[in-house]
There are 2 protein chains.
Amino acid sequence: MKSQSTEDYLKAIYQLQEMQNGEPVSTSTLASWLGVANASVTGMVKRFSSADPKLVEYEPYTGFVLTDAGEKIALEVIRHHRLIECYLSQALGYSWDEVHEEAERLEHVISEAMEDRMAQALGNPISDPHGDPIPDREGNLHQLNVIPLTQLAVEQPGTIRRVIGQEPDLLRYLAEQGLVLSAHIKVISKAPFNGPISIRIVNSSETILALGREVAEKILIQPSSNTR
Amino acid sequence: MKSQSTEDYLKAIYQLQEMQNGEPVSTSTLASWLGVANASVTGMVKRFSSADPKLVEYEPYTGFVLTDAGEKIALEVIRHHRLIECYLSQALGYSWDEVHEEAERLEHVISEAMEDRMAQALGNPISDPHGDPIPDREGNLHQLNVIPLTQLAVEQPGTIRRVIGQEPDLLRYLAEQGLVLSAHIKVISKAPFNGPISIRIVNSSETILALGREVAEKILIQPSSNTR
DNA sequence: CAAAATTATTAGCCTGACCTAAATCTTATT
DNA sequence: AATAAGATTTAGGTCAGGCTAATAATTTTG
């Protein structure tokens, strides 16, 4: 089994690559994501690309891309992480802003047997408490058909399916406003000049919420047919 | 938080001290228990006894004894370990020979919050699947009134309350024979010259089981009044 | 297109946790 | 009391995973 650091690096590269539509991940991006010095990343990744099997491809001054072997490990760790999040939420009553931190440590130590038992207890869930997809044992991800809230048309109704990012403060804030998974919402207006997006939660109070673009970008919506 | 190794060392010292009725633990005993070289123990324990607060008292050529601060940490780790064992057994269907290995890694990474939630889900158990007592948050242990099976008198009935040791093979063997917690047994005979002890499981088949002294020493019995 | 700014790499160092081999201390034995 | 046997510690080394400071490569800008 790979060390905890190795697993963290590979997971981070995978996630950053995903966030950048497959672009190679630069040294400094990875370093600041992991909270280590650039030089540490250079050293660590150098080991990865001379490992057997090779875990990342590395083009100096371009960045890192996972090999299939590296991606496999990353997906295993992500599967652990997200299953644990689900389990903590469903079996132990954690809220969605608490699960990430705990899972971050547990993901490196659970056995495959434990993973299987958790998955079974949960009925093999396909997404975690934030709507992030859980890879299956082979690493296949179930992709949702969603768009960021920023791209939802005015008056177009939709359902919240996923929230990107793990900042507990933001997650708590969203939950307080009723912006949780499966909530039905509708965009009332989008202020110009990149201003806030005003939305309403359908079938709930008539309150109108204004969200900044940064936040709205992280809320992924499954559009539904416009019923009005 | 202390490193995983530190926690392992302190836990080991605690358990060895317990097994030796409070005797100081020698370098080589600890080293072979942990599976590391003697020199590694010397180095590590030296750090502990010059730490702030000091974690072990060390008398050269006599051995190590935990200070109150060291014992506190050891008991926290043991509480984690045993609660996890309980949880795995009750919530995820692990058998008593499987729990130890998994708990051995999880004990170092769970948060206090998770510990509390597990304890609550289990109804604050006071012993783990092997009958080992679970320290409470303050480190208090509930001591059972038990004796090793080797000391149970012939014809004296008793109940299995605890099994010492975590060897999966032994635990599986015992379970197959019906020697599980709460089983009622009676000693039929004790062969002389340290020979095997023959027992019968009360209220079950009439089969007579012969156990070696080594094994019998690890089975702790709560004697009950002789009803015949 | 050269200089400035940015980004990445190298060099050299540190710490924790291990190791082996050699030296030293203690205890037991003659 | 001297020595052999056994236990323990010291000396010196490795490896992973960090760090800072200095250097080098690339990209941007004037």
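A few points about this structure:
- Out of B:23, B:101, B:85, sole residue that is part of a helix (DSSP H, G or I) and surrounded by fewer than 21 Cβ atoms within 10 Å (Cβ to Cβ): B:101
- Any hit, the stretch B:85-100, residues being at pLDDT 95 or above, closer than 28 Å to residue B:44 by Cα and more than 14 Å from every other protein chain (Cβ to nearest Cβ): no
- Matching residues in the stretch A:26-36 - criterion: being near DNA strand C (Cβ under 8 Å from one of its atoms) and surrounded by fewer than 15 Cβ atoms within 10 Å (Cβ to Cβ): A:28
- Meets criteria (away from DNA strand D (no atom under 16 Å from the Cβ), β-branched (Val, Ile, Thr) and either assigned to a loop (DSSP other than H, G, I, E, B) or not assigned by TED's automatic domain parsing to the domain that holds residue A:26 (or both)) for residue A:73: no
- Of the residues making up the stretch A:37-65, those that are outside any helix (DSSP H, G or I) and either within 14 Å of DNA strand D (Cβ to nearest atom) or open to solvent by 20 Å² or more (accessible area, probe 1.4 Å) (or both) number 16.
- Within the stretch A:1-13, the set of residues being open to solvent by 30 Å² or more (accessible area, probe 1.4 Å) and either assigned to a helix (DSSP H, G or I) or touching a Pro at 6+ places or on another chain (Cβ under 8 Å) (or both) comprises A:4, A:5, A:8.
- So residue B:129, is it touching a Lys or Arg at 6+ places or on another chain (Cβ under 7 Å) and within 20 Å of residue B:15 (Cα to Cα): no
- Tally of residues being assigned to a helix (DSSP H, G or I) and more than 8 Å from chain B (Cβ to nearest Cβ) across the stretch A:104-119: 5
- Just one residue in the set A:161, A:137 is part of a strand (DSSP E or B) and open to solvent by 50 Å² or more (accessible area, probe 1.4 Å); that residue is A:161.
- Within the set A:169, A:132, the sole residue that is at pLDDT 95 or above and surrounded by 15 or more Cβ atoms within 10 Å (Cβ to Cβ) turns out to be A:132.
- Residue count for the stretch B:143-156, restricted to those that are at pLDDT 90 or above and either under 29 Å from residue B:72 (Cβ atoms) or touching an Asp or Glu at 6+ places or on another chain (Cβ under 8 Å) (or both): 5.
- The one condition in (1) without any contact (Cβ under 8 Å) to a residue 24 or more places away in the chain; (2) closer than 28 Å to residue B:99 by Cα that residue B:145 fails to fulfil: (1)
- Against the test of being open to solvent by 60 Å² or more (accessible area, probe 1.4 Å), over 17 Å from residue B:5 (Cα atoms) and touching a helix residue (DSSP H, G or I) at 6+ places or on another chain (Cβ under 7 Å), the options B:91, B:121 yield a single qualifying residue, B:121.
- Across the stretch B:2-23, the number of residues qualifying as more than 11 Å from DNA strand C (Cβ to nearest atom) and either among the acidic types (Asp, Glu) or over 18 Å from the mean Cα position of the chain (by Cα) (or both) comes to 2.
The values are calculated or read from the model by the stated rules, or taken from the named source; none is laboratory data. Here the structure is a predicted model, which is why all the values come from computation and not from measurement. Every residue, glycine among them, receives a Cβ derived from its backbone with ideal geometry; neighbour counts consider all protein chains shown. The protein model used for the area step is the full one, side chains on, heavy atoms only, and it has no ligands, DNA or RNA in it. Shrake-Rupley method; radii C 1.70, N 1.55, O 1.52, S 1.80 Å.
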